[in-house]
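One structure is given here, and the rest of the page talks about it.
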Amino acid sequence: MNSKMTNRIALSVIIACAAAMAAILVSMLGYILVQGVSSISWHFLTTSASPFLAGGGIKDQLWNSFYVLVITMLLTVPIGVCGGIYLAEYAKPGRLTSFIRTCVEVLASLPSIVVGMFGMLVFVNYFGFKYSVFSGALALTVFNLPVIVRVTEDGFHALSRHQKEGGLALGLTHWHTIKTILLPAAFPSILTGIILSAGRVFGESAALLFTAGLSTPDLDFGNWNPASPNSPLNLFRSAETLSVHIWSVNTGGIMPDVQTIANGSAAVLVICVLLFNLFARMLGKVINQKFSGK
Amino acid sequence: MIQMEKNIVSFTNNTVTKELPIQIKVENVNIFYGDNHAVKDVNLPIHEKSITALIGPSGCGKSTFLRTINRMNDLIPSARCEGTIGYKDVNILNPKIDVVQLRKEIGMVFQQPNPFPKSISENIQLPLRFAGVRSKKILKEATEDCLKQVGLWDEVKDRLDRSATSLSGGQQQRLCIARALALKPDVILLDEPTSALDPVSSSKIEELLLELKNSYTIIIVTHNMQQAARIADYTAFFYQGELIEFGQTRTLFTNPEKQSTSDYISGRFG
């Protein structure tokens, strides 16, 4: 077999792999969307779920998903970005640094159901936050934090050494160099990473089963006082998210239109995650252009 | 043949008529990277308001030495320095000095143009703002002044708010020099500032440096011997970490004392 032949075989194998990957994605997405899109309607999106009767919607679940996502991001982004900056800029190679890095990696690879159990024991029971938005967001923080740390660290490492030297050589302090030069330059890639991780958080279910709970009180969307028990903004009420809803409806739903609700919810979830991805790409592109000159 | 090459070199710009006062005095400087002894026992005077060129083959320690003068080598964890570099009655190598202040007085321009991915004016104003300048008027004037000093003003005055990365390589490098001038340093270090540029941009930078030496002390590392011969008043030849020879550029090029200097400038190695 000559080298030309080998080359051709390698090329076809690689193309076949890529095609298989694309085929899996397209068929899965297509299946979910075809099954579910027909059940999505304004009514479906803006009606509360009904436990027994047909015709329930996913209004509360959709809201909960976004609310948990926002709280999680408020918790993870500041801590994660600071941690990433520490690892990229300040940490000196040594035992402590490699220990921290191992911690981040282990944290990132924890099975989410384990994170959920941990969240139930620590946040729900020990700290007494109950099944709540806050417990759920804390559990999601545990597994989203390492992602943000990694994204930030990679964003900084991708910058050229010359930028940092340029700042320091101008008599800027290390922190000022980070704040005014490195962080803005790394911002597009960090932001893209954050939005992509938001997609993952949005679709997470296992970690939320035991932390955010399987039910939602009757939310009054006219009541925006965070302290009131049926306010959508209340942090300490239970909050079933969309992906948890899909699971619970599928396993124990007793309403007659279980299948429709599950399909519709799945489609909404997938569409949201897709939108996050598209949004991340577009934003990354726009910001990149803005930085690299018109 | 070798003789002829020597004659091509012209010394139009750099006849030192009288010895200029010494601004930086380098004494017994040794630099190590871990176990690697990169610079060995260097003694060297740097004269005020003149251009001193550091030449030598790759890996001879000239860049390492240059980066020690404003302590940029602090960024490399394994680097270690011994000896004294005297500047304004302080030893630059003293670990206790304020490195940030030092770098305001001894600026640096790098081989690769490294403008920040910000607007042209922001590139110049950033160090000033950090130094505490708040007045918009002063910032604007400083921007214009610095850009004029490097001959970039007429080329960019209509697009000061455009990204600095949209400039050509040569313009970027002149912007980096302008940025270094903003803090009104005493000394400017240049680490092969033209090696990433085309010949036209390079000669612009050379002309610029000849002008700047009236106000600043300039130390330049260069791979290009013709460049050293054209612009430097003093030249130091480094080889394998040692300072082989130092003197007025004309003397060093036309009448070198050491055989290896003569071999290097006549192109026999390096």
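Please treat every number below as a calculation from the coordinates, not as lab data. Just so we're clear, the structure is a prediction, and the values are computed from it rather than from any experiment. So basically every Cβ, Gly included, is an ideal-geometry build from the backbone, and we count neighbours across all protein chains shown.
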Distribution output for chain B: share of Cα-Cα pairs per 10 Å bin in percent, first bin at 0, values 7, 29, 35, 22, 7, 1
Sequence gap at least 6, Cα distance under 8 Å: using those rules, report the relative contact order of chain B to the nearest whole percent. 29
Per residue of chain A, what 222 nm ellipticity follows from adding -39500 (n - 2.57) for every DSSP H run with n ≥ 4, rounded to the nearest 500? -22500 deg cm²/dmol
Highest mean first, how do B:202-208, A:56-62 rank when packing is the count of other Cβ atoms within 10 Å averaged over residues? A:56-62, B:202-208
Expressed as a fraction of 2.2 N^0.38 Å, the rule-of-thumb size for a compact globular protein of N residues, what is the C-alpha radius of gyration of the stretch B:32-113? 1.10
Nearest-0.05 FRET efficiency for B:ASP161 and A:GLN289 at R0 = 22 Å, using Cβ-Cβ distance, is 0.90
Cα radius of gyration and Dmax for the stretch A:38-291 (Å): 20.7, 70
Nearest-ten-degree value, helix A:258-291 long axis tilted from longest Cα axis of chain A: 30
Computed over chain A: longest principal axis from alpha-carbon atoms vs helix A:59-85 long axis, angle to nearest 10 degrees, is 20
Gaussian network model of chain B, springs between alpha carbon atoms under 10 Å - residue of B:MET72, B:MET108, B:MET225 with greatest fluctuation: B:MET72
One finds the C-alpha centres of the stretch A:101-142 and the stretch B:57-98 to be spaced, in Å, by 49
Do the sum for chain B: with -39,500 (n - 2.57) for every DSSP H run of n ≥ 4, divided by all residues, what is the mean residue ellipticity at 222 nm, to the nearest 500 deg cm²/dmol? -10000 deg cm²/dmol
What residue among A:THR216, A:THR173, A:THR241 shows peak mean-square fluctuation when chain A is described by a Gaussian network model with Cα springs under 10 Å? A:THR173
Give the value in nm², to one decimal: projected area of the alpha carbon convex hull of the protein assembly as shown, averaged over all directions. 37.3
Kirkwood hydrodynamic radius, the stretch A:171-294, all distinct C-alpha pairs: what's the number in Å? 17.8
Projected onto the charge dipole of the protein assembly as shown (+1 at Lys/Arg Cβ, -1 at Asp/Glu Cβ, origin at the Cα centre), which of A:ALA22, A:GLY57, A:PHE99 gives the Cα projection farthest towards the positive end? A:GLY57
Compare the peptides B:129-136, A:125-132 by average per-residue count of other Cβ atoms within 10 angstrom and give them in order, highest first. A:125-132, B:129-136
Inter-chain Cβ neighbour average for residues A:176-183, partner chain, 10 Å: 3
Among B:LYS148, B:LYS137, B:LYS25, the residue with the largest mean-square fluctuation in a Gaussian network model of chain B built from Cα contacts under 10 Å is B:LYS137
Across every pair of different alpha-carbon atoms, what Kirkwood hydrodynamic radius in Å does the stretch A:8-148 reach? 19.2
Taking the Cα atoms of the stretch A:109-205, what is the range of coordinates along each of the three principal axes, in descending order and whole Å? 53, 24, 20
J(HN,Hα) series, the stretch B:112-123, from Karplus relation 6.51 cos²θ - 1.76 cosθ + 1.60, nearest Hz, glycine and proline x: 8, x, 10, x, 6, x, 9, 5, 4, 5, 5, 4
How tilted is helix B:169-181 with respect to the longest principal axis of chain B? Cα atoms for both, answer in degrees (0 to 90, nearest 10). 80
B:ILE220's amide H: which non-local residues (gap 5+, or another chain) put their own amide H closer than 5 Å, with H modeled 1.01 Å from N in plane and none for Pro or chain starts? B:THR52, B:ALA53, B:LEU54, B:LEU190
Provide Rg over Rh for the stretch B:80-137; use the alpha carbon set for both Rg and the Kirkwood Rh (inverse mean inverse pair distance). 1.07
Output field shielding_mean for B:110-120 (other chain Cβ, 10 Å radius) holds 5
So, relative contact order of the stretch A:38-291 in percent, Cα under 8 Å, 6 or more apart, is 26
Which of the pairs A:LYS92/B:LYS88; A:LYS285/B:LYS184; B:LYS40/B:LYS204; B:LYS118/B:LYS184; B:LYS136/B:LYS184; B:LYS104/B:LYS258 have their Cα atoms more than 27 Å apart in this structure? A:LYS92/B:LYS88; A:LYS285/B:LYS184; B:LYS40/B:LYS204; B:LYS104/B:LYS258
